[in-house]
Amino acid sequence: MSAPTQTGGVPVLILKEGSNRSRGREAQHANITAAKIVAESVRSALGPKGMDKMLVDSFGDVTITSDGRTILDEMDIQHPSAKMLVEVAKTQDNEAGDGTTSAVIIAGELLNKAEELIDKNIHPTIIIDGYKKAAEKALETLEKIAIPVDLKTSEYLEKAAITSMASKLVAEYKEHLADIAVKAMLAVAEKTGNTYKVDVDDVKVEKKTGDSLGDTNLINGIVLDKEVTHSGMPKRIEKAKIALLDASLEIEKTEFDAKINIESPDQIEAFLKQEEAMLKDMTEKIIKTGANVVICQKGIDDMAQHFLARKGILAVRRAKKSDMEKLAKATGGKIVTNLEAITPVDLGYAAVVEERKIGKDKMTFIEGCKHPLAVTILIRGGTDRMTAEAERSLHDALCVIKDLIEEPKIVAGGSAPELEMSRVLKAYAETLPGREQLAVKIFAEALEAIAVTLTENAGLDPIDILSELRARHEKGETWAGIEVREGKIRDMSKMGVFEPLIVKKQIVKSATEAASMILKIDDVIAAGKMKAPPTPPGGAPGGMYPGAGEY
């Protein structure tokens, strides 16, 4: 604090000039308000009737999305406690892949309700302890009501994927996209003992604008956004033997300056011949293995391209490292870093490798791999914004399927599990002594925020719906939830609306932790802003702009 503190008439400066400090109620109120505003900003995006957000960044790039994490990432939030809610969305996305909007809404509601108790002079630590007990009880309830799933049929996987996409911009094509997502994930799942392991990164998602979302398809292999390097090479090869190289087919230039003294034209000739011979030697090593397709992570010299083309070999250069790893998984080949060591055993196999024109661009398709442990989904769509949002939606769907494959338990959607947890917590609160009872009660009410938000977004009356939902759950209808399209209360398990248990558990965990962390803060000390360095004479140096040092 820049204001000096008086001790015996002597001013004592403790904090640096320009610092400011807020304490106690004021600090808590400011933190809670900031977090509530963030939660409010994603609230209208929840559910099948939720709205989308248009986010424009400082460069004027536009993103249209209803994905909680994307909205918060693009919003460029400054307030430190509001940033904590962005962290909630990130954690939820990294751990479960879906449910980001719900997690942020519940965290915001937990803070909103806690503020009411703080105003009644209940200490934040008591609220935090109550929240901890409530979260444990809520997770226990979820485990109890979860329905185990048999992975022999993919019915539940598809239903969960459809549910995750129902609230997105791509909802019109959700069945088609869910079918593709399930097939893709099952193709790359690996069984270890009785459990499955599956990595979302093994499904490559490539997008090309053009056609419509209904033309999105699954390729049983890998699609590279590259064209064949030389016009004289074949554009299609069947029964492809693929060499995957992480070595450049070029003559390496020396790192230090070297001079060659040439006195006669035939010495130039000899020098060029030597270079040609070295490149020919490199390509010969590949040809000897019987490879008819070369995919190189680095460059391929023009001369090397010519030699490969003469032998009828299809080559692609400068492939991404991540694509090379997926190709190794899909084709069963090994990535070779040293050309001297390449053998026929290192080659991968694919039924067909072909360059195709998609929209304006040429892409290389490697498909028909025997046991592809990596596949590609090629997204099509009318506009760039549409394909970008379809990619985000598919990511959520793929994560949901991954969650289910790894822990095959589901709960119904439509706010049914939240209301069931709320019912159990209200009964549990009655058994607690003292003020923690109040904290558990408000935790139960905060969970109902999902039902309220879903009804508000659908233009229904939250009071009527909520009171009917509570009554139904009291009667023992565990899966009573809101069927948003009809605006009625239905048994959501019969409506086929399902979500993975992991997603719901993570929502409770991350929302509780974030709310507790923000409630525990009672003093905010902010350092003064950095001043921009003085501009040297003759204007700002290149690349600087006025106020570059300020933030």
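The values are calculated or read from the model by the stated rules, or taken from the named source; none is laboratory data. The structure displayed is predicted, hence computed values, not measured ones. Positions of Cβ are generated from backbone atoms using ideal geometry, with glycine treated the same way; all protein chains shown enter the neighbour counts.
Quick notes on this structure:
- Out of E483, E499, E445, sole residue that is out of contact with any helix residue (DSSP H, G or I) (no Cβ under 8 Å at 6 or more places or on another chain) and under 19 Å from S102 (Cα atoms): E483
- Residue match in segment 107-114 (condition: in contact (Cβ under 8 Å) with a residue 60 or more places away in the chain and on the phi > 0 side of the Ramachandran plot): no
- Evaluated against (1) within 25 Å of V205 (Cα to Cα); (2) in contact with a helix residue (DSSP H, G or I) (Cβ under 8 Å, 6 or more places away or on another chain), T153 falls short on exactly one condition, (2).
- When residues of segment 37-67 are limited to those that are among the charged types (D, E, K, R) and without any contact (Cβ under 8 Å) to a residue 24 or more places away in the chain, the one farthest from G108 (Cα to Cα): D61
- Against the list (1) part of a loop (DSSP other than H, G, I, E, B); (2) without any contact (Cβ under 8 Å) to a residue 60 or more places away in the chain, the condition R318 fails is (2).
- Enumerated strands (runs of 3 or more DSSP E) restricted to segment 1-109, each holding at least 2 residues that are at pLDDT below 85: 5-7, 10-12, 20-23
- Options A134, A166, A160; residue that is within 21 Å of I507 (Cα to Cα), surrounded by 15 or more Cβ atoms within 10 Å (Cβ to Cβ) and in the same structural domain as A35 (by TED's automatic domain parsing): A134
- Selection status of I379, crowded, with 24+ Cβ neighbours inside 10 Å, β-branched (V, I, T), part of a strand (DSSP E or B) and over 18 Å from the mean Cα position of the chain (by Cα): no
- There is at least one residue in segment 147-161 that is closer than 30 Å to A429 by Cβ and either of a type in the set (A, V, I, L, M, F, W, C) or assigned to a loop (DSSP other than H, G, I, E, B) (or both).
- Filtered by the rule that a residue be buried (at least 20 other Cβ atoms within 10 Å of the Cβ) and either farther than 10 Å from A291 by Cβ or over 36 Å from the mean Cα position of the chain (by Cα) (or both), segment 337-352 gives I342, A350.
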